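The values are calculated or read from the model by the stated rules, or taken from the named source; none is laboratory data. These figures come from a predicted structure and were not determined experimentally. With ideal geometry, Cβ positions are generated from the backbone for all residues, glycine too; neighbour counts draw on all protein chains shown. Calculation scope for accessible area: heavy atoms of the full protein, side chains included, ligands and nucleic acids excluded. Shrake-Rupley method; radii C 1.70, N 1.55, O 1.52, S 1.80 Å.
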Amino acid sequence: MRWVKKAAFAVLLAVISVYTLFPFYWAIVSSLKTGSELFEVAPWPKEPAWGNYTAVFTAQPFGQNILNSVIVASAVVVLSLALGLTASFALARIQFRGRSTLLLTVLGVSMFPQIAVLSGMFELVRWLGFYNKLPSLILSNLILTLPFTVWVLTTFMRELPKDLEEAAIVDGATPWMIVTKVFLPLLGPAMATTGLLAFISAWNEFLFALTFSQSDNVRTVPVAIALFSGGSAFETPWGVIMAASVIVTVPLVVLVLIFQRKIISGLTAGAVKG
C-alpha cells in the first residue's frame, strides 16, 4: 500500500504543478505567436515571433510604465513596513483602552472592496492635487496594504519574549530603540513576507491606477497592458499583450525566488503562532 500512497502523492503533485504553471507557460507560447497562429493549439510556435517583445516597448512608453510600477510598489512597501512596524509595536506591546477594537477595525478595513472607497479616494486625491501623479497611486495602494501589514506584524510582535523588552528598558532603551534595535532583527521573516505581499498587491493593482492616472507617462503596467491597441478598433494584439504580461511577471518570480526561505519561515511561524 505504501507504493500506492507514493504514486497518488506524485500524481497530486503533478496535477498541482500543471494547474499552477500551465497559465504562465501558455502566456509565453502565446507571446511568440502572431495573426491566426494565436488561435491554433500548438505546444510551441513553428516560427517564434520575438518581435512581439520589441513591439511592447515601441507601441507605447512601456519602459516608463515599468519604472512607474517599480516606484509605486517600492514606496508602498517602504511606507507600509515603516508605519506597520511602529503601529504593531503600539498594538502589541502598549496597554491602552480600545486596543482590541482598534485592531479589529484595522482588520475590517482590509476587507473593504476597492470600489467601496473609490469615490472617497478620488475626492481626496483631487483635494491633495495628486490626480494624474504617482503619489495618488502610492496613497491609494496604502489603503490596501497597510491594514494587513499592521495585522500580520502585530501577530508576530505579540509572540516576542517579554524579557527582551524588559531587559532593554533596564538598559535605558527608548521605545524607538526597542523597535529598531531589538525587535526589528527578529522580525526579518515577517517583514520579508508582508513586504513581498505588499509589493505584489501594489504591482498588480488596476482599479486605482486606471482611475487616478490619465496620461501614458503616469500609468503603471496593469493599465498600460489593458490599453494596448491594434491596427484597428477590431484588432486586439494578443501576442504583444502576452509578451508584456511575461515581462512584468518575471520580476515577481525573481523576488519570490530570492526571498523564498524568509517567506516560508514567515508563513510557517505565522501559522504556528496564530
If the Cβ limit is 6 Å and pairs must be 6+ apart or interchain, which residue in the range 15-30 that is touching a residue at least 12 places away in the same chain (Cβ under 8 Å) pairs with which residue that is open to solvent by less than 80 Å² (accessible area, probe 1.4 Å) and among the hydrophobic types (A, V, I, L, M, F, W, C)?
Ala27/Met242; Ala27/Val246; Ile28/Val246; Ser30/Met242
Output for the range 122-133, where each listed residue is within 22 Å of Ser110 (Cα to Cα) and surrounded by fewer than 20 Cβ atoms within 10 Å (Cβ to Cβ):
Phe122, Glu123, Leu124
Could you check the range 43-69 and list, in sequence order, the residues that are among the aliphatic types (A, V, I, L, M) and either closer than 23 Å to Leu32 by Cβ or touching a residue at least 60 places away in the same chain (Cβ under 8 Å) (or both)?
Ala49, Ala55, Val56, Ala59, Ile66
Counting only residues in the range 200-217 that are open to solvent by 20 Å² or more (accessible area, probe 1.4 Å) and outside any helix (DSSP H, G or I), the one nearest to Phe39 (Cα to Cα) is identified as Phe206
Qualifying helices (runs of 4 or more DSSP H) (wholly inside the range 220-274; at least 1 residues being at pLDDT 85 or above and not hydroxyl-bearing (Ser, Thr, Tyr)):
221-226, 238-258
Kindly indicate which of Ala49, Ala116 is open to solvent by less than 70 Å² (accessible area, probe 1.4 Å), at pLDDT below 90 and in contact with a Gly (Cβ under 7 Å, 6 or more places away or on another chain).
Ala49
Which of the following residues is farther than 22 Å from Phe199 by Cα and open to solvent by less than 30 Å² (accessible area, probe 1.4 Å): Leu160, Leu104?
Leu160
So the helices (runs of 4 or more DSSP H) completely within the range 72-189 holding 1 or more residues that are within 24 Å of Trp203 (Cα to Cα), in contact (Cβ under 8 Å) with a residue 12 or more places away in the chain and under 26 Å from the mean Cα position of the chain (by Cα) are 99-110, 114-128, 134-158
Selection within the range 91-111 - touching a Pro at 6+ places or on another chain (Cβ under 9 Å) and either of a type in the set (A, V, I, L, M, F, W, C) or outside the structural domain of Leu255 (by the TED database) (or both)
Ile94, Val106, Leu107, Val109, Met111
For Arg93, which of the numbered conditions (1) modelled with pLDDT under 90; (2) out of contact with any helix residue (DSSP H, G or I) (no Cβ under 8 Å at 6 or more places or on another chain) fails to hold?
(2)
Does the range 16-30 contain any residue that is open to solvent by less than 40 Å² (accessible area, probe 1.4 Å) and small (Gly, Ala, Ser)?
yes
Against the condition in contact with a Ser or Thr (Cβ under 7 Å, 6 or more places away or on another chain) and outside the structural domain of Ala202 (by the TED database), how does Ala27 come out, does it pass?
yes
